[in-house]
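Remarks on the structure that follows.
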Amino acid sequence: MTANVLLFKITLLTYFAATIFYLIGVISRKESVRLAAIWLLSGGFVLHCITLAARWFATGITPVASLYESLSFFAWALVGIYMIFYLRYRTIMLGAFITPLALVLMIIGSAAPKQAPALNPMLDSWWFPVHVTLAFLGHAVFAIAAAAGIMYLLQERMLKSKKFSGLFYRLPSLDTLDSMNYKCLTFGFPLMTMGIISGAIWANSAWGGYWRWDPKETWALISWFLYAALLHGRLTVGWRGRRAAIFAIIGFAFLLFTFFGVNLFLSGEHSFRNFTGQ
Amino acid sequence: MHIVIVGLSHKTAPVEIREKLAFAPTAMERPLRQMLELPSVAEGLIVSTCNRVELCAATKEPEAAMAALRRFLAEYHEVSPEEISSNLYSHQGEEAIRHLFRVASSLDSMVLGEPQILGQIKTAYGYAAEFKTAGLILNRFLHKAFSVAKRVRTETAIASNAVSVSFAAVELARKIFDRLDNKGVMIIGAGEMCELAARHFVTNGVSKVLVTNRTFERAEKLAAEFNGKAVPFECFVEHLAEVDIVMTSTGAPNFILGQRQMEEVLKRRKNRPMFLIDIAVPRDIDPKVNTLDNAYLYDVDDLQGVVQANLKERQKEAGKAEAIVEQEIGQFYQWLGNLEVKPTIIALRRKLEEIRQQELDKTFGNLKDLTDSQRRSIEAMAGAIINKVLHQPTAVLKRTQNDTSGEDYVDAVRTLFDLPAPAGDDKEFKPLDESDQE
């Protein structure tokens, strides 16, 4: 048990170092800084994979049942998805948004209790890891969309106002950012949809009902409609650019609230208390 | 050996003086040879551009060489030395190295970071190499200067942002579109600046060019130049949706493109972004167009503003570039110092002495039962071998140290015996690389 917590802490420190290099990379043009950032992050990601595997072996259940575990898993998905995007877009700016976010998730996670959850046997089903994995991968993809959205708005404002800060020279082009938004949508939306469907199937097997309007389900559905509207708008009437960026940011804010807000402020079947039967 | 530079630039001399003292690029042999005939000059190089003339020399007597070069520059161009003396600067030693590194890195240029100067210095070096007026020192010096300039260009943003209006337009387009090769451009009217910018767009990959003009023949003529298509002025708005970039410079007294029309065009394009460049004065496009989503309108002043911002950005980068130059000066200066004969002989002796000691230790380790006197004679024999081996090379180094070939021997000894020579990246001479032009 302590081994995986120790690994978790080392991962956290590596992400911290990577974050610092990413932030320096925003200012500096040095190739070495960019390389240091991406290698630190890659190293952190490998460590993170080991951490999750160790946790899995130690507890015997997919490590997504407690708040600590799911935050760690969320951060892992975020970094993993970012690395896939990095292969395609090669932009350090995206990492400067994503890495700090992953770090914050890890820090919150490190403050949460780390004892192994005793999973409520009713919930122990094959659908549990499927649902949670799909949902978090979807969240991670939409986090990228939101980061691209923020970059788009910054870049667009500078181009419109014709006042350029040093950032202007480092941000990718509007077209690139908008195509990121679209890519995220085409990957994230199916993931999220499947996440919700698998959750419903799981709920049916656990409680005998597909949908119970608990707060998390409701908020997830609202987010889903938001992304559905954006996808529809993009495909039919040519919503793009600024509007798509704003949608992506709002959508992710909803997702974050769905994840944190519901767990922290509202109660329902999705709160971790109920998972572990405490 | 020392490096000296005598010269003048746009900072010290007005164009009337510069044009008098420039060397014709087609006839560099004569001045180079004459320069080498000066008694104090061992190696020589002349850089002559419209903004500067630099006489660079390797010499044993820096003071004499600088005076001789000042005289030479005046006499060659048949002006009195007094007349130009206030326009000339002379640098020696570290100052001279710094000067050429800064010039090559475009830190001393009229437009900071402009790329031509490096090519011009390469050409100048090409002549010096061709007529064999550059030797060991200047070869190394110039190659070092090229590598410093390259480092400055890759490690700082000093040359990365456009400082002309037409280039700024292309750069802005890249910030909007990423790729230009699948984009289209429309030229409305036929201003010179428009044409220039259009040419930049085409060389940067824009494939589709539409041209419109009140006189259709002129539109056709310009379109032919760009392999494009002319469209009648009366219906150019109908074709706007086909292009991504619009440049206007008509003499129209009123707006020829309004907000409502653009709204329509954007809708037809399904909101794909458009970049509009209005170079005309009075303006051709209603400034309100810029408030539309996905339309980016720039007028002449806006583009000038971008150029100013880019220049400011270059200024910021200049500090980093200066730091790189300073680093490299140290390295090169050290190499130059290593060419001194005395320290080389000492280093050579020390190196052999080390080898002797190591081998003696090894031998004595194997032959444990030697008497003291036997040991002493073996030690003496090893010492004698070193002295014999060193005798001739030392004599040659001492004899040639006042010749022009002296540095070649020193350099050879340092290389052959692998003596510590922290001169940095002294790569083999590469063929001149002309690909650094903007």
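Can we say A:GLY188 is on the phi > 0 side of the Ramachandran plot and either more than 14 Å from every other protein chain (Cβ to nearest Cβ) or of a type in the set (Gly, Ala, Ser) (or both)?
no
Check every one of the helices (runs of 4 or more DSSP H) wholly within segment A:204-266 and list those with 3 or more residues that are touching a residue at least 12 places away in the same chain (Cβ under 8 Å), of a type outside the set (Asp, Glu) and surrounded by 20 or more Cβ atoms within 10 Å (Cβ to Cβ).
A:215-237, A:241-256
Every residue, every condition in (1) surrounded by fewer than 13 Cβ atoms within 10 Å (Cβ to Cβ); (2) on the phi > 0 side of the Ramachandran plot, yes or no:
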| site | (1), (2) |
| --- | --- |
| B:PHE364 | no, no |
| B:GLN374 | yes, no |
| B:MET381 | yes, no |
| B:ARG399 | yes, no |
| B:ASP408 | no, no |
| B:ASP418 | yes, yes |
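Counting only residues that are within 14 Å of another protein chain (Cβ to nearest Cβ) and of a type in the set (A, V, I, L, M, F, W, C), which one in segment A:130-153 is surrounded by the most Cβ atoms within 10 Å (Cβ to Cβ)?
Checking each candidate, the answer is A:ALA148.
If I ask for residues that are among the aliphatic types (A, V, I, L, M) and either out of contact with any strand residue (DSSP E or B) (no Cβ under 9 Å at 6 or more places or on another chain) or more than 8 Å from every other protein chain (Cβ to nearest Cβ) (or both), which ones from segment A:154-173 would you list?
Correct list: A:LEU154, A:MET158, A:LEU167, A:LEU171.
Here is a list: A:LEU101, A:LEU171, A:LEU154. Which entry is assigned by TED's automatic domain parsing to the domain that holds A:ALA206 and at pLDDT 90 or above?
Exactly one of A:LEU101, A:LEU171, A:LEU154 is assigned by TED's automatic domain parsing to the domain that holds A:ALA206 and at pLDDT 90 or above, namely A:LEU154.
Does at least one position in segment A:36-48 carry a residue that is among the polar types (S, T, N, Q), under 18 Å from the mean Cα position of the chain (by Cα) and buried (at least 22 other Cβ atoms within 10 Å of the Cβ)?
no
Kindly indicate the residue of segment B:153-205 that is touching an Asp or Glu at 6+ places or on another chain (Cβ under 7 Å) and in a loop (DSSP other than H, G, I, E, B) and also farthest from the other protein chains (Cβ to nearest Cβ) among those meeting that condition.
B:GLY205
Of the residues B:GLU75, B:GLU63, B:GLU43, B:GLU16, which is in contact with a helix residue (DSSP H, G or I) (Cβ under 6 Å, 6 or more places away or on another chain) and outside the structural domain of B:SER405 (by TED's automatic domain parsing)?
Unique residue meeting the criteria: B:GLU43.
Taking segment B:1-38 on its own, how many of its residues are in contact (Cβ under 8 Å) with a residue 60 or more places away in the chain and among the hydrophobic types (A, V, I, L, M, F, W, C)?
13
Can you tell me which residue is farthest from the other protein chains (Cβ to nearest Cβ) among those in segment B:268-289 that are free of Cβ contacts under 8 Å to residues at least 24 places away in the same chain and under 41 Å from the mean Cα position of the chain (by Cα)?
Applying the filter and picking the extreme gives B:VAL281.
Restricting segment B:280-323 to residues that are part of a helix (DSSP H, G or I) and touching a strand residue (DSSP E or B) at 6+ places or on another chain (Cβ under 6 Å), which is surrounded by the fewest Cβ atoms within 10 Å (Cβ to Cβ)?
Ranking the qualifying residues of segment B:280-323, first place goes to B:ASN290.
Which one is nearest to the other protein chains (Cβ to nearest Cβ), of the residues in segment A:205-244 that are over 28 Å from B:ASN294 (Cα atoms) and among the hydroxyl-bearing types (Ser, Thr, Tyr)?
By that ranking, first place goes to A:THR218.
The values are calculated or read from the model by the stated rules, or taken from the named source; none is laboratory data. No experiment lies behind these values; they were computed from the predicted model shown. All Cβ positions, even for glycine, are placed from backbone atoms using ideal geometry, and neighbour counts span all protein chains on display.
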